[in-house]
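Peer 1: What follows is a single structure, and I will ask about it in a moment.
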Amino acid sequence: MGDCPFAVLGLNRSANETQILKTWRKLELAHHPDKSTDPNAIEESKRLNDAKDRAIGMVRRQHELEEHLKYLKHHTSEELKSPSGDDLRQGV
């Protein structure tokens with residue numbers, strides 16, 4: 001399960017959560033064990049589910065990071081000082 005989740009789903013790395021879910025649903029319907037005659041359908045379904053979960057997690061983490069960086073960028077160093085005068089961004 002070390003494959004790139006975007007490659008498993010056939011998506012570009014810049015895909016958003018909506019695109020991931022739309023593509024996953026289409027692939028899952030085609031490979032669902034109850035609908036597919038492929039003997040490897042169960043494994044393929046698990047692989048697709050894992051790829052979807054990992055891709056969405058990566059997109060969400062990227063979004064959180066961008067929001068955090070935006071926050072830091074828009075606040076002056078004075079706003080990020082503790083009452084004792086220490087710069088709170090030292091660990092960033």
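The values are calculated or read from the model by the stated rules, or taken from the named source; none is laboratory data. Nothing here was measured: the structure is a model prediction, and the numbers come from that model. No Cβ is skipped: glycine too gets one built from the backbone with ideal geometry, and neighbour counts run over all protein chains shown.
Peer 1: Please state which one of ASP38, ASP87 is modelled with pLDDT under 90 and touching a His at 6+ places or on another chain (Cβ under 9 Å).
Peer 2: None of the others qualify; the one that does is ASP38.
Peer 1: Could you list all residues from segment 18-46 that are loosely packed, with under 13 Cβ neighbours inside 10 Å and within 14 Å of GLY57 (Cα to Cα)?
Peer 2: Once the filter is applied, which keeps residues that are loosely packed, with under 13 Cβ neighbours inside 10 Å and within 14 Å of GLY57 (Cα to Cα), segment 18-46 yields only THR18.
Peer 1: Kindly indicate which of GLN62, GLN19 is modelled with pLDDT of 95 or more, among the polar types (S, T, N, Q) and out of contact with any strand residue (DSSP E or B) (no Cβ under 8 Å at 6 or more places or on another chain).
Peer 2: The match here is GLN19.
Peer 1: Considering segment 47-65 alone, what residues qualify as being within 11 Å of VAL8 (Cα to Cα) and either polar (S, T, N, Q) or free of Cβ contacts under 8 Å to residues at least 24 places away in the same chain (or both)?
Peer 2: ASN49 - this is the single residue of segment 47-65 that is within 11 Å of VAL8 (Cα to Cα) and either polar (S, T, N, Q) or free of Cβ contacts under 8 Å to residues at least 24 places away in the same chain (or both).
Peer 1: For segment 8-27, enumerate the residues that are touching a residue at least 24 places away in the same chain (Cβ under 8 Å) and part of a helix (DSSP H, G or I).
Peer 2: Matches in segment 8-27: VAL8, LEU9, GLU17, ILE20, LEU21, TRP24.
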